[in-house]
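Structure record follows, encoded as structure tokens.
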Amino acid sequence: MTPFSIIAPGRILFGRGEAAKAPAAIRAFGARGLIVHGANPARAAWLMDGLRAEGAEILALPCGQEPTLALLENALQASRPFRPLWVAAIGGGAALDLGKALAALVPAPGGPVPHLEIVGQALPLAAPPLPFIALPTTAGTGAEVTRNAVIGLPDHGRKVSLRDDRMLARLAIIDPGLTDHSPRSITLASGLDAITQVIEPYVSCKANAFTDAITAPAIGQGLAALIRLMETEDPQARDALAWVSLTGGLALTNAGLGAVHGLAGVIGGVTPAPHGAICGALLPAILRLNHRHTTGDTARRLDLVFDRIAEALGGAADAAPETLGAWVRAAGLPGLAAQGLSPTLHVEVAEAARASSSMRGNPVVLPVTDLVAALQIAS
């Protein structure tokens, strides 16, 4: 067996009702901290009330959009004088990314740019991060268990990562009840992100025994749960999708991603489209493209993915990418053109994506011409 290592948060709590443990568990990290929440502060009110009841002093910061460099810099200016002892984030992937970045940078001198990939020097953190606690309210990004925070740079038309192994959460609390009754469009986009994040590590050239063990069963489980939730609200399906999202976050941290995320990171910098919606539009085309170019063990892995899609959606296994693409559109996910990606940018996006860190996990090296073809299909 090929040697591997496992990188994961210090502690993970999973299950309905586990969020009730959050106030006391967070207070144990100190008497003063930051709460990063999504656009609607009411969704975090129970947590802030619980922390205050535990005697904690709180500074609350909203994150109503995917974090940009300007948003991060402003949040740092507000946070450092408060001298927090911990950072907790409750919300979707955007809130978790901002919270993770603040935990990493509040104790350090200077600004974020030197630590960013691509536009900076990707320097290691200058000081140990504050304890970070994550409570996701969507099932998709897996950001509660990853070691990076994605930051948008609108002036550069890119999204880049702040990355350090020490950015892993000290505590991740995944309570599927926090995702109940999420809007249909958010459930669809975030769910497709979760499914992509168990498929790409499974077929990654960096896959290992650990990531195989957690991703292979999750592919069909995630598809079945998302199909169910497109039909009706179902707590059991919410539970399953939350588990798949957690699995994807652990898997991508330990085996990387692939061309879907390589392209999505660039597209997210030039369009306002949600990350999960971009991934969902791209996944069928990239599956077909990778299958066309692979042989041996990777082809076998892709065949398993095709089988799982066919089992969930029907149709022949060899037509699984096209079946998935048709279902995604029928469920209401728009193509890339409707999400804001102009065809005139296809070549530029493909060329930029080839240099992304996510692309290094793809099972084969894909030429720009093939990536452009995938963008056309996904449009």
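The values are calculated or read from the model by the stated rules, or taken from the named source; none is laboratory data. A quick note: this is a predicted structure, and the numbers were derived from the prediction, not measured. Every residue, glycine among them, receives a Cβ derived from its backbone with ideal geometry; neighbour counts consider all protein chains shown. Areas reflect the complete protein model, heavy atoms only, side chains present, ligands, DNA and RNA absent. Shrake-Rupley method; radii C 1.70, N 1.55, O 1.52, S 1.80 Å.
Contact annotation: no residue pair with Cβ atoms under 8 Å, 6 or more positions apart or on different chains, pairs a residue in the stretch 365-379 that is within 9 Å of His346 (Cα to Cα) and in contact (Cβ under 8 Å) with a residue 40 or more places away in the chain with a partner that is of a type in the set (A, V, I, L, M, F, W, C) and surrounded by fewer than 17 Cβ atoms within 10 Å (Cβ to Cβ).
The set of residues in the stretch 293-331 being hydroxyl-bearing (Ser, Thr, Tyr), open to solvent by 30 Å² or more (accessible area, probe 1.4 Å) and in a loop (DSSP other than H, G, I, E, B) consists of Thr295 alone. Just one of (1) open to solvent by less than 20 Å² (accessible area, probe 1.4 Å); (2) in contact with an Asp or Glu (Cβ under 9 Å, 6 or more places away or on another chain) fails for His181. It is (1).
The listed residues are Ala149, Ala134, Ala104, Ala108, and the only one of them that is among the aliphatic types (A, V, I, L, M), over 24 Å from Thr196 (Cα atoms) and touching a strand residue (DSSP E or B) at 6+ places or on another chain (Cβ under 9 Å) turns out to be Ala104. Before we move on, is Thr271 under 27 Å from Pro3 (Cβ atoms), of a type in the set (Val, Ile, Thr) and either touching a helix residue (DSSP H, G or I) at 6+ places or on another chain (Cβ under 8 Å) or at pLDDT below 95 (or both)? Criteria not met by Thr271.
Being over 21 Å from the mean Cα position of the chain (by Cα), modelled with pLDDT of 85 or more, in a loop (DSSP other than H, G, I, E, B) and not polar (S, T, N, Q) is not true of Pro114. For the stretch 130-152, the count of residues that are touching an Asp or Glu at 6+ places or on another chain (Cβ under 6 Å) and at pLDDT below 90 is at least one. Being more than 20 Å from Val260 (Cβ to Cβ), open to solvent by 50 Å² or more (accessible area, probe 1.4 Å) and touching a residue at least 24 places away in the same chain (Cβ under 8 Å) narrows it down to one residue among Pro217, Pro235; which is it? Only one candidate passes the filter, namely Pro235.
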